[in-house]
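Notes follow the structure.
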Amino acid sequence: MNVNDLSAQVRRRLSRLQPSGAIVLGAVAVITGMATGAGVWLFKQMILWASALFFGRLGGALAPLGGWTVALLPALGGLVVGLLWHRFVGEERYHGVAGIMETVALMGGRLEYHLAPVKTVAAALSIGSGASVGPEDPSVQIGANLGSFAGQKLRFSDDWTRALVASGVAAGIAAAFNAPIAGVFFALEIVLGEISGGALGAIVLAAVAAAVFTQRVAGPEPAFHVPAYAFQSVAELPLYILLGLLAGGVATLYVSALDTAKSSFRRWQVPSWLKPAAAGLAVGIVGIWLPQIFGVGYATIDQIFNGAEMAVPLLLALLAAKLVMTAVSIGGGFPGGVFAPSLFLGATLGAAFGEIAKLLFPTLAIAPPAYAMVGMAAVLAASVHAPLTAILLLFEMTQDYRIILPLMFAVVVGLLLEQRLRRDSVYTLALSRKGLRLQRGRDIEVLEGITVGEVMETGMATLAEGDTLAAATDILTQTRHHGLPVLSAGGDLAGILTVQDLEMSPVRRPQATTVGEVCSRDLLVAYPDESIGTALRRMSVRDVGRLPVVAPDNPRRLLGVLRRVDLVRAYDLALTRRAQNRHQIQTARLDVSTGELSVVEIRIEKGAVCDGALVSKVAWPRDSVIASVRRRNKLLIPHGDTRLRAGDALVVVAEGEALAAVRRLCER
């Protein structure tokens, strides 16, 4: 054997000893899952400690003063949480599960994991002091931050880091509910938005590892103790479908309430650390009469599932109070989840519906707890837009197929209604406010962030129904439009007249024929608050060149016209926003990687030293880096021959005096 053959044999043996990428990713995912299981178990213990502190010691000390003192407990918790958050966390760039989704889509899963311990403690204090928030979202964040930490420390690629973040998310749900299958589908539906071969293996391993750890330390018990309730009769199916419709409506109200509360607290001009205390006081006042709304509410759900007698008025009062107080808690700044409150809403809705149905249809042998289970899944699915997660979560909790058929019907009906009433889920609402529309977990459809109202033409000429075709032809010729809206005598939208209508109409006397006799009245319309992408798809259905834009509350009130030429302007605007998003992504990536350095955006002013200069000719401080340049709708990576201009926005990495020196070069 010569030297070359021996060398080749050694290389083959070494390559066999080196683990493949899938094995490495899988091993790290298992470790992430085990660590997440331990972190979630510790988080649950912290909630118990916080609850014992607030409702045990503090509540016992205040009890002699009267029952009203229970209202002070969430307020005190809010004050502690507000000060803690203000001191250590501050204003977050990415928040909650929506932040995880955005980070996975735009930043390769690189979360600011160093904030996770403080945020976990704050969430435990929030729930333990009675705030109406859930523990599942913080559990998901524990897993996601552990996965991101592993991916960043091991210098994995973006795809592998995303897979580890999703693995941590699945592990968080698996540990919170002892439901690994639901955890896998939650990560796929919510975080990744697609099933990817390599990522799927890591997600499954992490979820199983977390569930094994949880069962080892806490036992195999599911989150809720649910007796076996069967689907008694096909005659019940319409009732379950009606329950699904009600669940969709409740989910829509829930998402809207959260959005309204966040906006209201954001506009409230008081110190940010006081807002959780104010929200806690509101929750505490309601909790004097309805203590079931405090904290997670799992005990109340367990009582409903096990047939505890609750009057319909009480169930409906709990439904309304939990919906409003969850919105107040989240809007006021309590860190916590919206997942568990949606389960509470669904359980109370379903139980109340079941009790009413039992009275109306005594021959059907209706079991209200079965309707509570189905309602819980339907509201959850409609709120977070994760139907598979909801169905599998209920299956893992009941371990029984007999209720699955009505469950699937109600989940799908509720989801379709909620999507019809409100496009965004409880998680994607915050992203859409930034103009981000995520598809398959990472792609951003460029025209989905621009609304019709931003680009529609409002000063367009119109025609009246009584105008003659000859006069209409003159107006079309003068304005150089191929179609114009037609208004009735009362000013309402009556139709649209296009050049094609004139060509196809066999009119011999244009001086005597009116526009109202020829115009098209079967209209496709657009609304000012919908996206350009939606309007464009509607235009393509009939290959029309323009859409009248009407008021959402009155389809006959004309607000403007959207033409194909306006889409060019919309596309330019969308590209500008995309460039801004990329600029923010670059800044965020640098924030994560630079540690103590400052990453700031500085705009070049006209007449500054660097205005009109080449990058290589500017005397930049030694301890500074120009990371990127945003120029209108373009994002530039600067080189020595890049000429800077007034209005350019620079992302600068520097510290101390170097940062001040860069500002002097860019500002007059």
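Go through (1) in a loop (DSSP other than H, G, I, E, B); (2) over 16 Å from residue 386 (Cβ atoms); (3) modelled with pLDDT under 85 for residue 423 and report which single condition fails.
Condition not satisfied by residue 423: (2).
Which condition number in (1) closer than 18 Å to residue 253 by Cβ; (2) out of contact with any Asp or Glu (no Cβ under 8 Å at 6 or more places or on another chain); (3) not β-branched (Val, Ile, Thr) is the one that residue 315 fails?
Evaluating residue 315 over (1) closer than 18 Å to residue 253 by Cβ; (2) out of contact with any Asp or Glu (no Cβ under 8 Å at 6 or more places or on another chain); (3) not β-branched (Val, Ile, Thr) leaves (2) as the failure.
Do the conditions hold for residue 494, that is, is it touching a helix residue (DSSP H, G or I) at 6+ places or on another chain (Cβ under 8 Å), in a strand (DSSP E or B) and under 25 Å from residue 564 (Cβ atoms)?
yes
Look at residue 367 and say whether it is modelled with pLDDT under 90, among the small types (Gly, Ala, Ser) and not assigned by TED's automatic domain parsing to the domain that holds residue 177.
Criteria met by residue 367.
Is it true that residue 461 is within 14 Å of residue 514 (Cα to Cα) and modelled with pLDDT of 80 or more?
Against the criterion (within 14 Å of residue 514 (Cα to Cα) and modelled with pLDDT of 80 or more), residue 461 does not qualify.
What are the residues in region 500-516 that are among the hydrophobic types (A, V, I, L, M, F, W, C) and either outside the structural domain of residue 550 (by TED's automatic domain parsing) or touching a Ser or Thr at 6+ places or on another chain (Cβ under 9 Å) (or both), if any?
Those that are among the hydrophobic types (A, V, I, L, M, F, W, C) and either outside the structural domain of residue 550 (by TED's automatic domain parsing) or touching a Ser or Thr at 6+ places or on another chain (Cβ under 9 Å) (or both): 502, 507, 512, 515.
Before we move on, is residue 69 within 30 Å of residue 168 (Cα to Cα), surrounded by 15 or more Cβ atoms within 10 Å (Cβ to Cβ) and hydroxyl-bearing (Ser, Thr, Tyr)?
Here the answer is no, as residue 69 does not meet what is asked.
Every residue in region 497-510 that is part of a helix (DSSP H, G or I) and surrounded by fewer than 16 Cβ atoms within 10 Å (Cβ to Cβ), please.
Once the filter is applied, which keeps residues that are part of a helix (DSSP H, G or I) and surrounded by fewer than 16 Cβ atoms within 10 Å (Cβ to Cβ), region 497-510 yields 499, 500, 503, 504.
Could you grab me the full set of residues in region 449-504 that are of a type in the set (Val, Ile, Thr) and more than 25 Å from residue 529 (Cα to Cα)? Write out each step before concluding.
Within region 449-504, the subset of a type in the set (Val, Ile, Thr) is 450-452, 455, 458, 462, 468, 473, 475, 477, 479, 486, 496, 498-499.
Listed by number, the residues that qualify are 468, 473, 475, 477, 479, 498, 499.
Which ones in region 255-309 are of a type in the set (Phe, Trp, Tyr) and under 25 Å from the mean Cα position of the chain (by Cα)?
Those that are of a type in the set (Phe, Trp, Tyr) and under 25 Å from the mean Cα position of the chain (by Cα): 265, 268, 273, 294, 298.
Between a residue in region 459-475 that is in the same structural domain as residue 498 (by TED's automatic domain parsing) and in contact (Cβ under 8 Å) with a residue 12 or more places away in the chain and any residue that is acidic (Asp, Glu) and assigned to a loop (DSSP other than H, G, I, E, B), which pairs come within a Cβ distance under 9 Å, given they are 6 or more apart or on different chains?
Within 9 Å, the pairs are 475/467.
Which of the residues belonging to region 617-668 are hydroxyl-bearing (Ser, Thr, Tyr) and outside any loop (DSSP other than H, G, I, E, B)?
The answer is 624, 628.
Check residue 274 against each of (1) more than 30 Å from residue 396 (Cβ to Cβ); (2) without any contact (Cβ under 8 Å) to a residue 60 or more places away in the chain and name the one condition it does not meet.
(2)
Any residue in region 517-530 that's under 12 Å from residue 494 (Cα atoms) and assigned by TED's automatic domain parsing to the domain that holds residue 502: show its pairings with residues that are assigned to a loop (DSSP other than H, G, I, E, B) and among the polar types (S, T, N, Q) at Cβ separation under 7 Å, as long as the two are six or more apart or on different chains.
That search, which allows pairs on different chains as well, returns 518/505.
If the requirement is being at pLDDT 80 or above and in contact with a His (Cβ under 7 Å, 6 or more places away or on another chain), which of these qualifies: 498, 477? Explain how you work it out, then say what you get.
Details: 477 fails: in contact with a His (Cβ under 7 Å, 6 or more places away or on another chain).
From the options 498, 477, the qualifying one is 498.
Please determine, by comparing only the residues of region 301-330 that are crowded, with 22+ Cβ neighbours inside 10 Å and out of contact with any Leu (no Cβ under 7 Å at 6 or more places or on another chain), which one is farthest from residue 268 (Cα to Cα).
Once the filter is applied, the top-ranked residue is 305.
Which of the residues belonging to region 131-178 are of a type in the set (Asp, Glu) and over 19 Å from the mean Cα position of the chain (by Cα)?
Passing the criteria: 158, 159.
What number of residues within region 511-560 satisfy the criterion of being within 16 Å of residue 485 (Cβ to Cβ), part of a helix (DSSP H, G or I) and under 25 Å from the mean Cα position of the chain (by Cα)?
Going through region 511-560 one residue at a time, the tally reaches 1.
Hey, can you tell me all the residues within region 459-491 that are farther than 19 Å from residue 557 by Cβ and in a loop (DSSP other than H, G, I, E, B)?
If the condition is that a residue be farther than 19 Å from residue 557 by Cβ and in a loop (DSSP other than H, G, I, E, B), then 466, 467, 480, 481, 482 are the ones that fit.
Determine if region 243-255 includes at least one residue that is at pLDDT below 80 and either outside the structural domain of residue 365 (by TED's automatic domain parsing) or not in a loop (DSSP other than H, G, I, E, B) (or both).
no
Consider residue 391 carefully, then state whether it is outside any helix (DSSP H, G or I) and modelled with pLDDT of 85 or more.
No: the conditions fail for residue 391.
If residue 60 satisfies every condition in (1) surrounded by fewer than 16 Cβ atoms within 10 Å (Cβ to Cβ); (2) in contact with a helix residue (DSSP H, G or I) (Cβ under 6 Å, 6 or more places away or on another chain) but one, which is the exception?
All conditions are met except number (2).
Which condition breaks for residue 261 when tested against (1) modelled with pLDDT of 95 or more; (2) surrounded by fewer than 21 Cβ atoms within 10 Å (Cβ to Cβ); (3) among the aliphatic types (A, V, I, L, M)?
(1)
The values are calculated or read from the model by the stated rules, or taken from the named source; none is laboratory data. Bear in mind that the values here come from a model prediction, so they are computed numbers and not experimental data. Every residue, glycine among them, receives a Cβ derived from its backbone with ideal geometry; neighbour counts consider all protein chains shown.
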